[in-house]
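Scroll down for the structure; my scribbles are underneath it.
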Amino acid sequence: MREIDTKATIAANDATLLSDFIAEHDLFIIRTACKVAKRYITKAEDEYSIALIAFSEAVRKYDYSKGSFYSYAELVIRSSLIDYFRGQGKYSPEINVEWVQENAFVEYNDNQLALEIEALTPILQEYGFSWMDLPEASPKAEKTKSFCAQVVQYLLDSPILLEELKRSKQLPIKIIEKKIDLPRKLLDHHRKYIIAAVEILEGDYPYLADYLRFVKEKE
């Protein structure tokens, strides 16, 4: 079931297999670089070389027991390119994250988790907020957490609303109010938390998603 993960593990210890494995994933490397740069990347550009080196590093450092190789490789490529863009003065997200809200996210102390946090940072910025805004927006009481979980699951189960959220970068509060009997004040106050939770659970962030298990438990 995890053929690629197994291949990556084997390739890490065989130079010939590593070269072949990298060649097989050229399209993945370019596609990931394009996603991070938000434009088309050619093989003649520095961004491609950086992504290629990062992919090779991901193979060598990949730990099968910690999940999908593709997820890990994408995060390593993202991290490397973001560092490059910072050095070029092209990228300046707020990533001063030493903690994330208790019961929702975690401390910034695990490498792969840190990569996920870093990868999600520019996405949250598109909505007009950062990780530092989440503590105030996060629910504290169990009842409020349950309400927020309802909203998050409702959005995840509604492809049209999910697409609209990503397009407009606005929480469809009026529609949610009609479908779920929740006070407008609660939705306004926890808007940033709900959006962050949706992006994490709808995206490819297994380590962050693990800290939002309670959302699935409310299904």
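Every number in this text was worked out from the coordinates using simple rules, so none of it is lab data. Since the structure is predicted, the reported quantities are computational estimates derived from the model, not experimental observations. We place every Cβ from the backbone using ideal geometry, glycine too, and count neighbours over all the protein chains shown.
Which loop trypsin sites (Lys or Arg not before Pro) in the stretch 167-219, with loop taken from DSSP, have no more than 16 other Cβ atoms within 10 angstrom of their Cβ?
Sites meeting the loop and neighbour criteria: LYS169, LYS218.
Tell me the relative contact order for the stretch 3-87 as a rounded percent, counting alpha carbon contacts under 8 Å between residues six or more apart.
Working: 86 pairs, mean separation 29.7, N = 85.
Answer for the stretch 3-87 is 35 percent.
Pairs of alpha-carbon atoms within less than 8 angstrom and 6+ residues apart define the contacts here; what relative contact order does the stretch 131-217 have, in percent?
Working: 53 pairs, mean separation 35.9, N = 87.
Reported relative contact order: 41 percent.
Nearest 10 degrees, 0 to 90: what angle lies between the long axis of helix 15-24 and the longest principal axis of the chain (Cα atoms)?
50
Taking amide H atoms as placed 1.01 Å from N in the peptide plane, list the residues 5 or more away in sequence, or in a different chain, whose amide H sits under 5 Å from that of HIS25.
Here the answer is none, since no amide H 5 or more places off falls under 5 Å of that of HIS25.
From Cα coordinates alone, what are the radius of gyration and Dmax values for the stretch 3-87 in angstrom?
Over the stretch 3-87's Cα set, Rg and Dmax evaluate to 12.3, 36 Å.
Here are some pairs, LYS140/LYS178; LYS35/LYS61; LYS43/LYS169; LYS38/LYS179; which of them have Cα atoms lying more than 28 Å apart in this structure?
Details: LYS140/LYS178 24 Å; LYS35/LYS61 22 Å; LYS43/LYS169 32 Å; LYS38/LYS179 35 Å.
In this structure, LYS43/LYS169; LYS38/LYS179 lie more than 28 Å apart at Cα.
With an 8 Å Cα cut-off and a minimum separation of 6 or more residues, compute the relative contact order for the chain in percent.
Values: 216 pairs, mean separation 38.3, N = 219.
With pairs under 8 Å counted, the relative contact order is 17 percent.
Quick one: what are the phi-derived ³J(HN,Hα) couplings along the stretch 128-145, Karplus 6.51/-1.76/1.60 with θ = phi - 60°, whole Hz, x for glycine and proline?
The phi angles translate into x, 8, 10, 4, 5, 8, 6, x, 5, 8, 7, x, 9, 6, 4, 5, 5, 4 Hz.
Loop by DSSP (not H, G, I, E, B), at most 14 other beta-carbon atoms within 10 Å: where is the longest site-free stretch of the chain for chymotrypsin sites (Phe, Trp or Tyr not before Pro)? Write out the running numbers ahead of the final one.
Working: sites that count: TYR40, TRP99.
Looking at the chain, 100-219 is the longest stretch - no exposed chymotrypsin sites (Phe, Trp or Tyr not before Pro) with at most 14 other Cβ atoms within 10 Å.
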